[in-house]
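Trainee: Take a look at this one; I'll ask things after.
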Amino acid sequence: MNTNIHYILFVAVLFIALFYPVHPTLKRKKKVVGVITAVLTVFSGLRSWWMGDLIKYYTLYRGCNGPDWQSVLTEKWSNMGIRVFFRLMGAVGISYDVCIFIFAAFAAISLGILIYRYSTSPFISYLMYIGMGFYLFTFSGLKQTIAMGFLCFAMMSLLERKLMPFLLWTAVAGFFHAPALIFLLAYPFAHKKVDRLYLLFVAAMLGLVFLFRDRLVSVLSELYQDDADAFGEAKKLIGGRFLMMVLILVGGYYLRPVRRSDVTYAKVYNVMVLAAMFQTFSVYNNVFSRLTDYFYQFIVLFLPMALRPRGGLPSAQVQMESPGYYRHRDIYTAATIGITAYAAYYYWDYIASSYNILRDFWFFWQMNPYSLYGA
């Protein structure tokens with residue numbers, strides 16, 4: 001299928017999101033987020049599974065519902081969640097196609113709840129979610145997609161300082177994809193006070209990461225188990241995406257300096273700092289970029305908070321924390337335009353580099369993958 005359909009989706013979602021700032025009320029925000037959630041669910045959930053890793057997952061689905069399903073279910077201690085899910089769905093007669101729709105709906109709904117409750121700008125949030133490639137990744141990375149959805153709920157628990165729900169949601173995410181357990185680091189780190197000692201601490205942590213990252217990679221790769229043999233030496237010192245993330249952190253601090261009273265924003269800022277730290281591992285393998293995304297996905301909150309300090313938020317407490325604009329409003333407008341343009345370019349480049357997978361995107365009524373699979 002022509003990749004133009006992905007550009008059309010990008011423009012359509014952003015057009016819908018623009019209806020919120022016209023008259024920013026919570027009722028309008030709920031409608032905007034609800035419509036976009038439905039669009040993302042339909043577009044992703046009604047796709048054919050004849051593309052990328054979805055074919056591999058279909059083989060797993062068949063194995064979980066075959067005569068030897070017990071051995072398939074218990075062959076590995078990690079990532080059992082999706083195998084248990086496939087078995088439960090198959091046992092009650094739910095097909096693989098419906099499973100894909102359930103995954104798509106869960107990813108869109110969990111994101112939508114997060115954006116509705118905490119984002120000051122649905123436009124910027126969905127711009128980042130689609131423009132940075134998170135949405136396209138859900139087309140094939142099912143385990144990570146489900147884990148990222150559960151981590152959205154974990155993030156909400158973190159922002160509300162609810163430790164037990166945070167641990168529970170993160171554990172469930174790890175049940176589907178073991179590397180998601182790395183998000184446990186977010187809770188203590190997010191609550192650190194941002195001051196001079198914090199900056200020294202971050203600098204020291206980055207230094208230690210660079211110094212010992214070969215050892216850390218060998219430890220972290222064990223979480224992937226079946227992918228562990230794919231890791232070699234670092235291809236380069238740092239990647240361009242790391243520099244982009246650091247620039248975003250510096251720019252965000254300029255637009256909205258982190259203050260002690262600005263509690264929610266400070267927590268999100270700290271999570272983004274963790275994302276930048278873990279991005280240094282991406283020079284070993286692209287898989288580590290996906291490990292980073294467990295933290296980096298919350299750019300859907302960070303950039304709206306930085307670009308629109310005054311925004312419509314459901315929580316009265318978060319509204320009270322929002323201190324207003326720190327710079328001239330024209331600076332925020334220029335930054336928003338620049339980020340929108342860059343996100344559009346990044347998305348275009350991402351689609352071009354992912355063409356081999358996206359060219360196989362079809363809706364389920366356009367292709368019968370079962371005939372190609374031989375099932």
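Trainee: Out of the range 164-202, which residues are more than 28 Å from ARG83 (Cα to Cα) and either of a type in the set (A, V, I, L, M) or free of Cβ contacts under 8 Å to residues at least 40 places away in the same chain (or both)?
Mentor: Of everything in the range 164-202, those that are more than 28 Å from ARG83 (Cα to Cα) and either of a type in the set (A, V, I, L, M) or free of Cβ contacts under 8 Å to residues at least 40 places away in the same chain (or both) turn out to be TYR187, PRO188, ALA190, VAL194, ASP195, ARG196, LEU197, TYR198, LEU199, LEU200, PHE201, VAL202.
Trainee: Separate question: Here are the criteria: (1) surrounded by fewer than 17 Cβ atoms within 10 Å (Cβ to Cβ); (2) modelled with pLDDT of 85 or more; (3) not aromatic (Phe, Trp, Tyr). Tell me which single one ARG327 does not satisfy.
Mentor: Tallying (1) surrounded by fewer than 17 Cβ atoms within 10 Å (Cβ to Cβ); (2) modelled with pLDDT of 85 or more; (3) not aromatic (Phe, Trp, Tyr), ARG327 fails exactly one: (2).
Trainee: Which one of the conditions (1) out of contact with any strand residue (DSSP E or B) (no Cβ under 7 Å at 6 or more places or on another chain); (2) farther than 19 Å from VAL92 by Cβ does ASN65 fail to meet, given that it meets all the rest?
Mentor: The number of the failed condition is (2).
Trainee: (1) under 24 Å from the mean Cα position of the chain (by Cα); (2) of a type in the set (A, V, I, L, M, F, W, C); (3) farther than 15 Å from ILE100 by Cβ; (4) modelled with pLDDT of 90 or more: which one isn't true of VAL42, the others all being true?
Mentor: The failed condition is (3).
Trainee: For the list (1) touching a Pro at 6+ places or on another chain (Cβ under 8 Å); (2) hydroxyl-bearing (Ser, Thr, Tyr); (3) more than 27 Å from ILE351 (Cα to Cα), I need the number of the one condition that SER78 fails.
Mentor: SER78 satisfies all of (1) touching a Pro at 6+ places or on another chain (Cβ under 8 Å); (2) hydroxyl-bearing (Ser, Thr, Tyr); (3) more than 27 Å from ILE351 (Cα to Cα) except (1).
Trainee: Can you name the residue in the range 109-145 that is of a type in the set (Ser, Thr, Tyr) and part of a helix (DSSP H, G or I) and is also surrounded by the fewest Cβ atoms within 10 Å (Cβ to Cβ) among such residues? Even if it seems obvious, please write down each step before you answer.
Mentor: Initial filter on the range 109-145 (of a type in the set (Ser, Thr, Tyr)): 110, 116, 118-121, 125-126, 129, 135, 138, 140, 145.
Add one more test, that the residue is part of a helix (DSSP H, G or I), and what stays is 110, 116, 118, 125-126, 129, 135, 145.
Details: SER110: 22, TYR116: 19, TYR118: 24, SER125: 27, TYR126: 28, TYR129: 22, TYR135: 23, THR145: 22.
Among residues in the range 109-145 that are of a type in the set (Ser, Thr, Tyr) and part of a helix (DSSP H, G or I), the one surrounded by the fewest Cβ atoms within 10 Å (Cβ to Cβ) is TYR116.
Trainee: Counting only residues that are of a type outside the set (A, V, I, L, M, F, W, C) and more than 21 Å from the chain's Cα centre (by Cα), how many does the range 348-362 have?
Mentor: Looking only at the range 348-362, we keep the residues that are of a type outside the set (A, V, I, L, M, F, W, C), and these are 349-350, 353-356, 359-360.
The next check asks that each one be more than 21 Å from the chain's Cα centre (by Cα); those that pass are 356, 359-360.
Adding up the residues that qualify gives 3.
Trainee: Just for the range 156-187: of the residues that are surrounded by fewer than 24 Cβ atoms within 10 Å (Cβ to Cβ) and small (Gly, Ala, Ser), which one is nearest to VAL268 (Cα to Cα)?
Mentor: Ranking the candidates gives ALA186 first.
Trainee: Further, regarding this structure: Report, by residue number, each residue of the range 144-155 that is more than 12 Å from the chain's Cα centre (by Cα) and farther than 17 Å from LYS267 by Cα.
Mentor: none
Trainee: Determine whether ALA154 is without any contact (Cβ under 8 Å) to a residue 40 or more places away in the chain and either part of a loop (DSSP other than H, G, I, E, B) or under 29 Å from LYS31 (Cβ atoms) (or both).
Mentor: Yes.
Trainee: In the range 1-53, which helices (runs of 4 or more DSSP H) lie fully inside it and hold 1 or more residues that are within 25 Å of PRO369 (Cα to Cα) and small (Gly, Ala, Ser)?
Mentor: The qualifying helices (runs of 4 or more DSSP H) are 26-45.
Trainee: Please specify each residue of the range 156-207 satisfying the condition of being in contact with a Leu (Cβ under 7 Å, 6 or more places away or on another chain) and among the hydroxyl-bearing types (Ser, Thr, Tyr).
Mentor: Once the filter is applied, which keeps residues that are in contact with a Leu (Cβ under 7 Å, 6 or more places away or on another chain) and among the hydroxyl-bearing types (Ser, Thr, Tyr), the range 156-207 yields THR170, TYR187.
Trainee: Quickly run through the range 250-282 and pick out the residues that are over 20 Å from TYR187 (Cβ atoms) and either outside any helix (DSSP H, G or I) or modelled with pLDDT of 85 or more (or both).
Mentor: The answer is VAL250, GLY251, GLY252, TYR253, TYR254, LEU255, ARG256, PRO257, ARG259, SER261.
Trainee: Here's something else I'd like to know. Go through (1) closer than 23 Å to TYR347 by Cβ; (2) free of Cβ contacts under 8 Å to residues at least 12 places away in the same chain one by one and return the number of the condition VAL35 breaks.
Mentor: So VAL35 meets the others, but not (2).
Trainee: Under the condition of being closer than 30 Å to LEU14 by Cα and touching a residue at least 40 places away in the same chain (Cβ under 8 Å), which residue from the range 83-101 is surrounded by the fewest Cβ atoms within 10 Å (Cβ to Cβ)?
Mentor: Of everything passing the filter in the range 83-101, ASP97 is surrounded by the fewest Cβ atoms within 10 Å (Cβ to Cβ).
The values are calculated or read from the model by the stated rules, or taken from the named source; none is laboratory data. Bear in mind the structure is a predicted one, so any value in this text is a computation, not a measurement. Glycine gets a Cβ as well: all are built from the backbone with ideal geometry, and neighbour counts include every protein chain shown.
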